[in-house]
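Coordinate-derived values only; no laboratory data. Just so you know, these numbers come straight off a predicted model, no measurement behind them. Counting neighbours? That spans all protein chains shown, and the Cβs are built from the backbone with ideal geometry, glycine included.
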Amino acid sequence: MLYLLLVALVSAAVLGVVASALRGRSDRPWTYAAWAATTTATLFLTLWLRPVGTGAVKCTVSKDVLESFGTTQGWMNVALFVPMGFFGVRAARRPLQPVLLSVLLAGGIETVQACLPVIGRYCDTSDFVTNVTGAVVGVGAGFLSLRLGASGLSPWPRRHRGLLAVTGAGFFAVACVLSTVVDVRVVDHAEPSRQASTEQQAVIGQAIRKALGDDVRIGRVSDNTPCGVDGVNEEVWADLEPNGVASIRWPDADRFELDVSMGPRTEAAAAGRPIPGSAGPVRDEAAAERSAGRYVAAHYPTADTKRPAVDRADDGMGETWTVTYPYRDDRMSAVTSLEVKVNSASRLLAVRLTASAGDGRKDGYVPCA
């Protein structure tokens, strides 16, 4: 909040100084001053220091050009550049100058963010796209206001034709820095999470209904790519109602996890879900095996219930028991193990279907590049 106040004060100072300097030299000093003030505010808001640096001179190039328009942050980036484009075209009375300068500024900001990891900002082409979009929207609004007003557009002054050369040199400098100094990483998605596709929703929905029955209520379903690359540590997550979460590895579907012991409403209800036909407390391995066995018989009949392994633990929610079965399912051919976790009240807490990574990696995850 204090920083925003500082930005407002500095921008107001720029507004006053520029307007005073242009008084008597221009017929629209306050418009130029507003252009300068909004540009100053944009620079301050995009280059202010964060407590922790990024630690690397890098820039992320996303193949999904439009993904930021599905996020609140993306639309905030659009709004950030609208005033600058609007006042720019109102001041210059031509659209080309403010468009070129806005694009150059957006590219320069991302380059500075990439080259100065100490400020804790990230270079991201998604931000560049939304910033330029905001500038174009602002220029369009300003252009329309000029066309509808009495002032109209101005001819291209000869003394301003050097602007093309200056901006061209600026674009060349940005391109040189990004190509020689910055580690440019191309990803499928810059945003780590997005709305799941129809196919993903269908696959995880089928897995959840198999685990909990057809009356389960599924909330938001998201596709998560922590490395930014499709298929690398990618998972589909689903929120369950009234509480719980499920995830499935994508696209191989070789691991499915469901946890109904957690969620926003867990405090208001008993942990876990009841297992039909299972009654009485679970105090030993035999009781845990009987309780989990009733659940498995109803939901995963292809599991090998003759060779279960039972483990007891106390995870802070009381005594829990995890029963592991060898498992085969033609629809999830890579899965070889089924884990069922129950608590001492004989309620289902979690289900886990897994496959061996096969190459020594823990849970099949690979380090992000």
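Some observations on this one:
- Between E285 and V366, the C-beta separation translates, for a Förster distance of 35 Å, into a calculated FRET efficiency of about 0.45.
- Value of [θ]222 nm, deg cm²/dmol, for the chain, DSSP H segments ≥ 4, -39500 (n - 2.57) each, nearest 500: -14500 deg cm²/dmol
- Panel order for M84, M262, by other beta carbons found within 10 Å of each beta carbon, from fewest to most: M262, M84.
- Here the simple spin-label model places points 7 Å from the Cα toward Cβ, and for S333 and R217 these points are separated by 3.9 nm.
- Listed values [x] 5, 24, 34, 27, 9, 1, 0; [y] 5, 18, 22, 16, 14, 12, 8, 4, 1, 0; [z] 5, 21, 28, 25, 14, 6, 1, 0 include one computed from this model; for P(r) over Cα pairs in 10 Å bins from 0, in percent that value carries the label [y].
- Taking amide H as placed 1.01 Å from N in the peptide plane, S337 has its amide H under 5 Å from the amide H of Y327, T354, each at least 5 places away in sequence or on another chain.
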